[in-house]
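Reading through the structure tokens given below for one structure.
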Amino acid sequence: MDTGVLAQFKDLGAGAVLALAAMGSAMGTGIAGMAAIGAWKKAFVQNKAAAFIIVAFVGAPLTQTVYGMIMMNKITEIAAKGQYNWSIGILCGIAIGLSALWQGKAAAVASDALGETGKGFANYIIVLGVIETVSLFVMAFALGILGKI
């Protein structure tokens, strides 16, 4: 591959990390959102107050898009110097996106549980935070590696 063709792909890692992280966030919030609507519907059918705090569960997977953006900025900065980090961008984007997806699935179950019992909000948030930590670790460790390149 000549350098002209290679240079055309210089932004692949940067674009991939943001896109893959955002796809995970989209899937996670979608799954959590569907469960929230279901929990509210159950409350309305039973003439009970619907717990608005469930919205916190729906929004939890959104932060992974921010982590993807932070990584994108660093990868873009390094790409401007002529080092193309495709593998870091792609693999970190997948890991961050999967964290968002699974966080959304856990948030869906939390929405159902809170909607049915009205209890356990702090416990559910802690679980979502533990899942979030995976994406934070990926971002922090990758930024550490990128800082040494």
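Answer yes or no as to whether residue 74 is of a type in the set (D, E, K, R) and within 23 Å of residue 133 (Cα to Cα). Walk me through it before giving the result.
On the way: of a type in the set (D, E, K, R): yes; within 23 Å of residue 133 (Cα to Cα): yes.
Yes: the conditions hold for residue 74.
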- Message: So for the range 38-61 (the condition being surrounded by fewer than 22 Cβ atoms within 10 Å (Cβ to Cβ), of a type in the set (Lys, Arg), without any contact (Cβ under 8 Å) to a residue 24 or more places away in the chain and closer than 26 Å to residue 124 by Cα), does at least one residue qualify?
- Response: yes
- Message: For the range 66-95, which positions are among the hydroxyl-bearing types (Ser, Thr, Tyr) and buried (at least 24 other Cβ atoms within 10 Å of the Cβ)?
- Response: 67
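To keep it simple, each residue is scored yes or no on (1) buried (at least 22 other Cβ atoms within 10 Å of the Cβ); (2) of a type in the set (S, T, N, Q); (3) in a helix (DSSP H, G or I).
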{"site": "99", "(1), (2), (3)": "yes, yes, yes"}
{"site": "108", "(1), (2), (3)": "yes, no, yes"}
{"site": "113", "(1), (2), (3)": "no, no, yes"}
{"site": "143", "(1), (2), (3)": "no, no, yes"}
{"site": "148", "(1), (2), (3)": "no, no, no"}
- In the range 70-98, how many residues are closer than 18 Å to residue 145 by Cβ and under 15 Å from the mean Cα position of the chain (by Cα)? 11
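Values quoted throughout were computed directly from the atomic coordinates according to the rules given, and no laboratory measurement underlies them. Since we're looking at a predicted model, the values are computed, not measured. Heads up, the Cβs are rebuilt from the backbone with ideal geometry, glycines too, and the neighbour counts pull from every protein chain shown.
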